[in-house]
1. Can you name every residue in region 130-148 that is under 20 Å from the mean Cα position of the chain (by Cα) and in a strand (DSSP E or B)?
2. Out of region 104-129, which residues are surrounded by 15 or more Cβ atoms within 10 Å (Cβ to Cβ) and over 18 Å from the mean Cα position of the chain (by Cα)?
3. Checking the condition outside any strand (DSSP E or B), among the charged types (D, E, K, R) and at pLDDT 95 or above, which residue from Arg65, Arg120, Arg101 passes?
4. Which members of region 75-123 meet the condition of being on the phi > 0 side of the Ramachandran plot, without any contact (Cβ under 8 Å) to a residue 40 or more places away in the chain and out of contact with any Ser or Thr (no Cβ under 8 Å at 6 or more places or on another chain)?
5. For region 64-101, give me the residue count where each residue is basic (Lys, Arg) and either closer than 18 Å to Lys126 by Cβ or touching a Cys at 6+ places or on another chain (Cβ under 7 Å) (or both).
6. Check Ser57 against each of (1) modelled with pLDDT under 95; (2) surrounded by 16 or more Cβ atoms within 10 Å (Cβ to Cβ) and name the one condition it does not meet.
Amino acid sequence: MKKMMMLMVFLASAVLAFSATKGSEKPIPFEKLPKMAQEFIHTHFKGVKVVKCEVESPWTQFDVRMANGYELEFDRAGNWTEIQKEKGGISSSILGVLPQRSYSYLQSNYSGVSVEKIERQKKGFKVSLNTQPEETEIHFSKDGRFLSKKVD
């Protein structure tokens, strides 16, 4: 019985310790970002101040906030996973990180529409557009082919 009680206390402690760290964000210096993330920022945000860098545990995702309003997410290897900018939308130079086919589709069909977020997903890319009063999500394959559109 004592062993069972000790096991229960140990398991409860482990669960509490894990849940306390789950999803927690910890500030880190820019230099602690993966090299690929640093290079991405130097290339696409030259001269823009980094306001905040955080590592999100336990999955080791990196969140970066830029002075010009961009919010960036990177995976543990430093690949961008999300780029977001609500006010004014994402610039065309940043949209160039998408496959050319996706970029061309957006230029042809949504010229002048604000792109608020792009996400890299397992099967491709999701682009969120501000098509007031709705929001439109467009899904592209990894090679940039149009897959679907959803209007909310």
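1. First, the residues of region 130-148 that are under 20 Å from the mean Cα position of the chain (by Cα): 130, 135-144.
Within region 130-148, Asn130, Glu135, Thr136, Glu137, Ile138, His139, Phe140, Ser141 meet the criteria.
2. Within region 104-129, the first condition is being surrounded by 15 or more Cβ atoms within 10 Å (Cβ to Cβ), and the residues that meet it are 105-106, 110, 114-120, 124-129.
Passing the criteria: Tyr105, Leu106, Tyr110.
3. Values: Arg65 fails: outside any strand (DSSP E or B); Arg120 fails: outside any strand (DSSP E or B).
Step by step, each of Arg65, Arg120, Arg101 is checked, and only Arg101 is outside any strand (DSSP E or B), among the charged types (D, E, K, R) and at pLDDT 95 or above.
4. From region 75-123, those on the phi > 0 side of the Ramachandran plot are 78, 88-89, 112; that's our starting set.
The next check asks that each one be without any contact (Cβ under 8 Å) to a residue 40 or more places away in the chain; those that pass are 88, 112.
Correct list: Gly112 only.
5. Selection size over region 64-101: 2.
6. Of the numbered conditions (1) modelled with pLDDT under 95; (2) surrounded by 16 or more Cβ atoms within 10 Å (Cβ to Cβ), the odd one out for Ser57 is (2).
The values are calculated or read from the model by the stated rules, or taken from the named source; none is laboratory data. None of the values given here were measured: they were computed from a predicted structure. Note: ideal-geometry Cβ built from the backbone for every residue, glycine included; neighbour counts use all protein chains shown.
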